[in-house]
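Q: Here it is: the structure, laid out below.
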Amino acid sequence: MDEPIILPEPDQEWHARHDEKSRMRIHRNIPWRRILTIVVVIVLVFFLSAVGGVVGFVGIANNDSTFARQLRKTLGLNNLSQLSIPVTENIKLQESSAVIDAAKKVSPAVVSVTANAQVTDFYGNTSNQEISGGTGFIITSDGLIITNKHVVSDTTAQYKVVLNDGTVYNATVQARDPLNDLAVLKISASNLPTVELGTSDDLQIGQSVIAIGNALGQFNNSVTYGIVSAKNRTLSDVGDDSTAGTSENLSDLIQTDAAINPGNSGGPLVNMAGEVVGIDTAIASTDTGGGSVGLGFAIAIDSIKSVINSVRTTGTIVRPYLGVRYLPITKNVETADNLSVDYGALVQGDATNPAIVPGSPAAAAGIQAGDIILQINSDQVNSDHPLTDLLQKYNVGDKLSVVILRGGKQQTLSVTLAQLPNE
């Protein structure tokens, strides 16, 4: 019979020591777990409280209940009634998109204009060279192009037009405007892209515009961006050039800080709808090289719409005229001449230039020297709306009501506009 196996008695002292160490480790770990748990709970409570506070704050600020209104008043939160939680959105840059769209719409109808002439060098050699460059824009699909008169002022030069796609055409000068820096070119083509004319009278100071042109005569269809800086500007002795022998006084100009450089002349000034609102014509610069300093000027399109319409229908520039010589009345003129009004046009002339042109519409209507023209139809004649500018909004043959001041009394005369005789 087998002997029973007798296991040794457990070492009670060893177990006791082991159990004590285990309990000590457990006891040592308990405080750290408690601290970690407490920290997590505190952070969570703080976070939830902050979120709840913001939501509640916004809710109180936007709630219109009696309790919310009273609570806002008590807490001084009445000015926060429009508070809302900001939401980040992907916002499309609409203005940039408008500039891009406007440029795409107009650029195909913008052309470069170059003048070529026979040039003799120091040694007597003659060659045909490009002597100037400018810009124009197409107004009819069969090739009528508007540009500045000073761009095509040389009557001996040959002119070429370069389209946006690089096609080159010989161009003829169809008409030069006797009153403004405006000319019409004609090329033999068809199905050409054209511009759309806008309204310059509705332009606001600060409104965005772009200029498109043959900058510096070599960077065709350059697009520059800016704003309408001012309206109804007047410039004197524009284009005063001893080689051309011409200068002009321009009025009803749009001032813009869209960069206009030499070569931009004759190009379109365009609004964000892609409509032509002006014709780039001049810059004011302190730079001896004539560079842009943010002072560019464009002829307001509304002041020449009647001329453009006559070009479209007849191919030539037809200007209506009244037939008077006059002095614009200002406060200084009112004081100096002891007048009873500080606006209008004082009809006056001299020994060589009579106040009333013989055979003119003014002579036929009975306007006399010394009369003050106060109003054309419903428009007052003043510094913002000179007489010449008002007349150019009408067509040859239009009948106008002209209010004059004669001998201290107002009279209304009927005038039928005639065509300005060619120079």
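Just so you know, all these numbers are worked out from the coordinates, no wet-lab data involved. Being a predicted model, the structure only gives us computed values, none of them experimental. Note that each Cβ is placed from the backbone with ideal geometry, even for glycine, and that neighbours are counted across all protein chains shown.
Q: Once phi is turned into θ = phi - 60°, what whole-Hz ³J(HN,Hα) does the Karplus curve with 6.51, -1.76 and 1.60 give for every residue of the range 104-117, x standing for Gly and Pro?
A: 5, 5, 8, 3, x, 9, 9, 10, 9, 10, 10, 10, 10, 8
Q: With θ taken as phi - 60° and the coefficients 6.51, -1.76 and 1.60, list the Karplus ³J(HN,Hα) couplings across the range 355-368 in order, rounded to whole Hz; mark glycine and proline as x.
A: Calculated HN-Hα couplings, in order: 5, 10, 6, x, x, 8, x, 5, 5, 5, 7, x, 5, 10 Hz.
Q: Among 299-308, 407-416, how do they line up by average Cβ neighbours within 10 Å per residue, starting with the highest?
A: Details: 299-308: 22.6, 407-416: 11.8.
So the order, starting with the most tightly packed, is 299-308, 407-416.
Q: Could you pull out every residue, at least 5 positions away or on a different chain, whose amide H is within less than 5 Å of the one on N221? Hs are placed 1.01 Å off N in the peptide plane, and Pro or chain starts have none.
A: For N221, whose amide H was placed from the backbone, the distant partners under 5 Å are G213, N214, A215.
Q: What does the charge count near N220 come to, summing +1 for each Lys or Arg and -1 for each Asp or Glu among other residues with Cβ under 15 Å from its Cβ?
A: Working: positive: K160; negative: E130, D165, D280.
Residues near N220 contribute -2 overall.
Q: Further question on the same structure: Taking a 26 Å limit on the Cα-Cα distance, which of the listed pairs K105/K160; K305/K331; K149/K231; K104/K393; K105/K186; K186/K393 fall beyond it? Please report the intermediate quantities before stating the final value.
A: Values: K105/K160 23 Å; K305/K331 31 Å; K149/K231 22 Å; K104/K393 30 Å; K105/K186 22 Å; K186/K393 24 Å.
With Cα atoms farther than 26 Å apart: K305/K331; K104/K393.
Q: If you don't mind, there's one more thing I want to ask. Could you pull out every residue, at least 5 positions away or on a different chain, whose amide H is within less than 5 Å of the one on Q174? Hs are placed 1.01 Å off N in the peptide plane, and Pro or chain starts have none.
A: The answer is V184, L185, K186.
Q: Excluding N232 itself, what net charge comes from residues whose Cβ is under 12 Å from its Cβ, given Lys and Arg +1 and Asp and Glu -1?
A: On the way: positive: K231, R233; negative: D201, D252, D302, D384, D389.
Once positives and negatives cancel, what remains is -3.
Q: For Y343, what is the net charge nearby, where nearby means another residue's Cβ is under 12 Å from its Cβ and Lys, Arg count +1, Asp, Glu -1? Write out the running numbers ahead of the final one.
A: Numbers: positive: K331; negative: E334, D342, D379, D384.
So the surrounding residues net to -3.
Q: Further question on the same structure: Please report D101, D280 as a ranked list, fewest other C-beta atoms within 10 angstrom at the top and most at the bottom.
A: Values: D101 13, D280 29.
With the sparsest Cβ surroundings first, the list reads D101, D280.
Q: Still on this structure, please answer the following. Rounding to the nearest 20 debye, state how big the charge dipole of the range 320-419 is about its Cα centre with +1 on each Lys and Arg Cβ and -1 on each Asp and Glu Cβ.
A: Using Cβ point charges on Lys, Arg, Asp and Glu, the range 320-419 gives about 240 debye.
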